Amino acid sequence: MDYFLTEEQLMIRDLARQIAEEKIVPVRAELDETGEFPWDVMKTIAQSDLFGLFIPEEYGGLGKGCLELCVAVEELSRACLGVSTSYAANALGTYPLLLFGTEDQKKRFLPDIAAGKRLVAFGLTEANAGSDAGGTQTTARLEGNEYVINGTKQWITNGGVAEIYTIIAITDRSKGPRGASAFVVEKGTPGFSFGKKENKMGIRASATTELIFDNCRVPRENLIGKDGAGFLVAMKTLDSSRTGVGAQGVGVAQGAFEEAVKFARKRVQFGHPVITFQAIQHMLADMATSIEAARALVYAVARFIDSGAKDVSKESAISKLYATDVAMKVTTDAVQVMGGSGYMKEYPVEKMMRDAKILQIYEGTNQIQRNVIGQALIKEFARSK
Ligand code: COS
């Protein structure tokens, strides 16, 4: 289907597709097996300027928006969700600086991020603060001109490999969600270390660790936005990034669908290629339909975000919810179409199915997306009365 992408957007898609096919497909099974971080691929992405896609030109980026980022993320995800997670998490970690950073912070950090010289991670989740983002226990105490951070963040994508961390910590517990603040912390800051690397079911090429803060002192200038604005920074960051998770869902679903079609054309049973059987055709038809619907939704929401709309919570949750549920269904069905072969590691679809599961969990579980959508609807109904 034609989504009327501009020449430039098509070039971005082709560039990301070329990197995916030439640099990611040949190594994805090995990365999945070893759990090694894809440094070589990151270097190629950096050379192609794709890290700077969504960063304004004045800070060394290409000045594009959410749609271009989604197009690139989709193509990388079609090849490997582990690699695309490392790439997309970089954008997630950058949004707090982009949306709320001071001019000085932007000048200090964005050019290196755009050039792919330094990776970024976003640190919100903790042992007791996952879906309940307001349950943050990590603290930041102001002492003179420094904040002293204490606590542990959990399951942080790009943990250990990133140089720049945007994190949420409580500066005033008595104020509830309004007592949280956002900070930027650089790797190497005394008192900041990493826990063990997690051994995951999928997206194994991506790095996931704890962030440990033990009397970690950062200058006051590292506060992002106002003291007490941390919950808002986190929510606006997630509003901006969730459509990208939807794009990951479209990409991995597309990749699995293509593998299933390729296989069904070759596999012969009862004297015929299995693609000639209606049972298989109906599954492929449903897969193709849901992928197209998910892509149309993700692109539409990305365009809505790029239009400068103020409140995109509901729409971004809708796109994440729908496209990632599609990803889980389509990758599972791809394994089914391929039968015993689909279950084996010789083919990439079992990995795609394992990888897809995280999309329904991270950046807010799909149950939380329904809560966000439901709350937005209640507000809309109240306004329309
Ligand atoms: N934009 C702006 N403001 C927002 C907002 C948004 N997207 N979401 C909430 N707020 C505001 C609310 O309006 C409310 O303001 P008031 O105090 O003025 O009423 C305040 O923030 C607190 O909101 P709420 O009461 O809805 O907070 P909850 O603690 O109930 O949490 C959810 C809301 C569940 C939506 C939030 O905790 C969430 O998104 N959780 C998932 C987090 C997540 O994605 N984790 C994954 C790890 S990060 S990769």
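The values are calculated or read from the model by the stated rules, or taken from the named source; none is laboratory data. Keep in mind that what you see is a predicted model, and the values were worked out from it rather than measured. So basically every Cβ, Gly included, is an ideal-geometry build from the backbone, and we count neighbours across all protein chains shown. Protein only, heavy atoms only, side chains kept; ligands, DNA and RNA dropped before computing areas. Shrake-Rupley method; radii C 1.70, N 1.55, O 1.52, S 1.80 Å.
Can you tell me which of ILE156, ILE168, ILE149 is in contact with a Cys (Cβ under 7 Å, 6 or more places away or on another chain) and either outside any helix (DSSP H, G or I) or among the basic types (Lys, Arg) (or both)?
ILE149
For the stretch 61-139, which helices (runs of 4 or more DSSP H) that fit wholly inside it have 1 or more residues that are within 16 Å of the ligand (Cβ to nearest atom)?
66-79, 81-100
A quick yes/no check of all residues on (1) closer than 21 Å to ARG28 by Cβ; (2) away from the ligand (no atom under 16 Å from the Cβ); (3) in the same structural domain as PRO26 (by TED's automatic domain parsing):
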| position | (1), (2), (3) |
| --- | --- |
| ALA296 | no, yes, no |
| GLU315 | no, no, no |
| GLU350 | yes, yes, no |
| MET353 | yes, yes, no |
| LYS357 | yes, no, no |
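Inside the stretch 1-56, can you point out the residues that are of a type outside the set (Asp, Glu), open to solvent by 90 Å² or more (accessible area, probe 1.4 Å) and more than 18 Å from LEU81 (Cα to Cα)?
Those that are of a type outside the set (Asp, Glu), open to solvent by 90 Å² or more (accessible area, probe 1.4 Å) and more than 18 Å from LEU81 (Cα to Cα): MET1, PHE4, MET11, GLN47.
For the stretch 220-237, give me each residue that is away from the ligand (no atom under 12 Å from the Cβ) and more than 14 Å from THR139 (Cα to Cα).
Across the stretch 220-237, the qualifying residues are ARG220, GLU221, ASN222, ILE224, GLY225, LYS226.
Name the residues in the stretch 240-251 that are open to solvent by less than 10 Å² (accessible area, probe 1.4 Å) and touching a Lys or Arg at 6+ places or on another chain (Cβ under 7 Å), would you?
Answer for the stretch 240-251, where residues must be open to solvent by less than 10 Å² (accessible area, probe 1.4 Å) and touching a Lys or Arg at 6+ places or on another chain (Cβ under 7 Å): THR243, VAL245, GLY246, VAL250, GLY251.
Do you know which residues across the stretch 171-205 are closer than 29 Å to GLN360 by Cβ, in a loop (DSSP other than H, G, I, E, B) and basic (Lys, Arg)? Step through it out loud before you land on a result.
Start the filter on the stretch 171-205 by keeping residues that are closer than 29 Å to GLN360 by Cβ, which leaves 176-177, 180, 182, 194-205.
Still in the list and also in a loop (DSSP other than H, G, I, E, B): 198-205.
Within the stretch 171-205, LYS200, ARG204 qualify.
Any residue in the stretch 119-145 that is touching a residue at least 24 places away in the same chain (Cβ under 8 Å) sitting within a Cβ distance under 9 Å of a residue that is within 10 Å of the ligand (Cβ to nearest atom) and among the acidic types (Asp, Glu)? List the pairs, counting only those 6 or more apart or interchain.
These pairs meet every condition: THR136/GLU126; GLN137/GLU126; THR138/GLU126.
Go through (1) open to solvent by 60 Å² or more (accessible area, probe 1.4 Å); (2) of a type in the set (S, T, N, Q); (3) away from the ligand (no atom under 11 Å from the Cβ) and name the single condition GLN375 misses.
Unmet condition: (3).
When the residues of the stretch 166-187 are narrowed to those that are within 13 Å of the ligand (Cβ to nearest atom) and touching a Lys or Arg at 6+ places or on another chain (Cβ under 9 Å), which ends up farthest from THR208 (Cα to Cα)?
Once the filter is applied, the top-ranked residue is GLY179.
Filter the stretch 119-175 down to residues that are within 14 Å of ALA89 (Cβ to Cβ) and open to solvent by 50 Å² or more (accessible area, probe 1.4 Å), then give me how many there are.
Residues flagged as within 14 Å of ALA89 (Cβ to Cβ) and open to solvent by 50 Å² or more (accessible area, probe 1.4 Å) within the stretch 119-175 amount to 2.
Taking the stretch 238-254 only, how many residues are away from the ligand (no atom under 13 Å from the Cβ) and of a type in the set (Asp, Glu)?
Counting residues in the stretch 238-254 that are away from the ligand (no atom under 13 Å from the Cβ) and of a type in the set (Asp, Glu) gives 0.
So, in the stretch 192-202, of the ones that are more than 16 Å from the ligand (Cβ to nearest atom) and open to solvent by 30 Å² or more (accessible area, probe 1.4 Å), which residue ends up nearest to MET352 (Cα to Cα)?
Filtering the stretch 192-202 for residues that are more than 16 Å from the ligand (Cβ to nearest atom) and open to solvent by 30 Å² or more (accessible area, probe 1.4 Å), the one nearest to MET352 (Cα to Cα) comes out as MET201.
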